[in-house]
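These notes are about the structure you will find just below.
The values are calculated or read from the model by the stated rules, or taken from the named source; none is laboratory data. Note that this is a predicted model, so its numbers are computed, not measured. Here the Cβ positions follow ideal geometry from the backbone for every residue, glycine too, while neighbour counts run over all protein chains shown. Calculation scope for accessible area: heavy atoms of the full protein, side chains included, ligands and nucleic acids excluded. Shrake-Rupley method; radii C 1.70, N 1.55, O 1.52, S 1.80 Å.
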Amino acid sequence: ASGVCYGTSPNPTVSGTKTTDGNGGNFSSTISGLLPNTTYYVRAYGTQGFGTTYGNQISFTTLPLTIPTLTTNVAENVSNFSAVSGGAISSDGGASITAKGVCWSTSANPTINNNFTNDGTGNGTYESNITGLSPNTTYYVRAYATNSVGTAYGSQISFTTNTVALPTLTTNAVTDINYTSANSGGNISNEGGMPVTARGICWSTS
């Protein structure tokens, strides 16, 4: 048998944790199930009928866990009351992503203590729907991702929601005029960014 034995104490032996990688010659060993930010000692070993021989000892330190690394998507489909953004997680920092989304505010550098979305877990690119906004207002947005170490934020973007205006409309010509009544009406070509709640015609002798 041959392989490597390893542990957090110097001079590991086959009585501890080891791999088994064949019975001679050159071999490659994959060491898994390690702890982050920990120093391990490793020795190759070979076993035959007379016993076990060990190679020279080496050591290495696993990488520490960190907060995720991500970027913020530009805002799209900006309307009076909503917009679409999101993020792209390039590294989970060595720990599973437990929450991700975007946070926003009318002040710079928003955090998850402000308004935020929750768009699931895991790595990769995601899309976030930002709703409940006010018209003609500038908002600041950052993507966020959370793992067991903490929460990281992407770069900040900003956008301004559309302006609400009065409706645009025309008055129809008067038809069917008789002694006490007539017909008219209108055509609304633009609601001005908000639903029209009442419509009709008004008249007077002035």
- Taking H placed 1.01 Å from N in the peptide plane, check which residues at least 5 places from SER79 or on another chain put their amide H under 5 Å from its amide H. ASN162
- Amide H contacts under 5 Å for THR17, restricted to residues at least 5 apart in sequence or on another chain and with H modeled in the peptide plane, are TYR6
- Task: Place a +1 charge on the Cβ of each Lys and Arg in segment 82-206 and a -1 charge on the Cβ of each Asp and Glu, then give the dipole magnitude about the Cα centre in debye, rounded to the nearest 20.
- Result: 180 debye
- Out of TYR179, TYR153, TYR40, a Gaussian network model of the chain with alpha-carbon springs under 10 Å gives the largest mean-square fluctuation to TYR179
- Note on the structure: Rounded to whole Å², per residue accessible area for the chain with a 1.4 Å probe reads 62 Å²
- Task: Quick one: which residues, 5 or more positions from ALA95 or on another chain, have an amide H under 5 Å from its amide H? H modelled 1.01 Å from N in the peptide plane, none for Pro or chain starts.
- Result: THR66
- Message: I'd like the Karplus ³J(HN,Hα) series for segment 165-171: coefficients 6.51, -1.76, 1.60, θ = phi - 60°, whole numbers in Hz, and an x wherever there's a Gly or Pro.
- Response: 10, 5, x, 10, 7, 10, 9
- Message: 7 Å from Cα along Cα→Cβ at both ASN23 and ASN129: what's the point-to-point distance in nm?
- Response: 6.3 nm
- Note on the structure: Projecting the Cα atoms of GLN156, THR17, ILE31 onto the charge dipole of the chain, where Lys and Arg contribute +1 and Asp and Glu -1 at Cβ, the residue farthest towards the positive end is THR17
- Under a 10 Å cutoff between Cα atoms, tell me which one of PHE27, PHE159, PHE60 has the largest fluctuation in the Gaussian network model of the chain. PHE27
- Could you tell me what percent of the accessible area of the chain is made up of carbon and sulfur, with a 1.4 Å probe and every protein chain present? 49 percent
- Note on the structure: Reduced to Cα centres, the span from segment 120-173 to segment 51-113 in Å works out to 20 Å
- Message: Over segment 1-107, what is the relative contact order in percent, taking alpha-carbon pairs closer than 8 angstrom and at least six residues apart?
- Response: 20 percent
- Relative contact order of the chain (C-alpha contacts under 8 Å, at least 6 apart) in percent is 15 percent
- Task: State, to one decimal in nm, how far the label point of TYR41 lies from the label point of THR71, with both points 7 Å from Cα in the Cβ direction.
- Result: 4.5 nm
- Task: Could you work out how far apart the two model spin labels at GLN156 and ALA95 are, taking each label as a point 7 Å from the Cα in the direction of the beta carbon, and quote it in nm?
- Result: 2.6 nm
- Query: Working out 0.36 nm times the residue gap between THR52 and THR111, then minus their Cα-Cα distance, what length gain in nm do you get to one decimal?
  - Reply: 15.5 nm
- FRET efficiency for ASN80 and ASN183, using Cβ-Cβ distance with R0 set to 35 Å, rounded to 0.05: 0.55
- Phi-based couplings in Hz for segment 140-149 (Karplus 6.51, -1.76, 1.60; Gly and Pro marked x): 10, 9, 9, 6, 9, 8, 10, 10, 5, 7
- Task: Rank TYR140, TYR126, TYR41 by mean-square fluctuation in a GNM of the chain with C-alpha springs under 10 angstrom and give only the top-ranked residue.
- Result: TYR41
- Pop out the ³J(HN,Hα) list for segment 176-184 in order, Karplus 6.51 cos²θ - 1.76 cosθ + 1.60 with θ = phi - 60°, rounded to Hz; leave Gly and Pro as x. 6, 6, 10, 5, 10, 7, 7, 10, 9
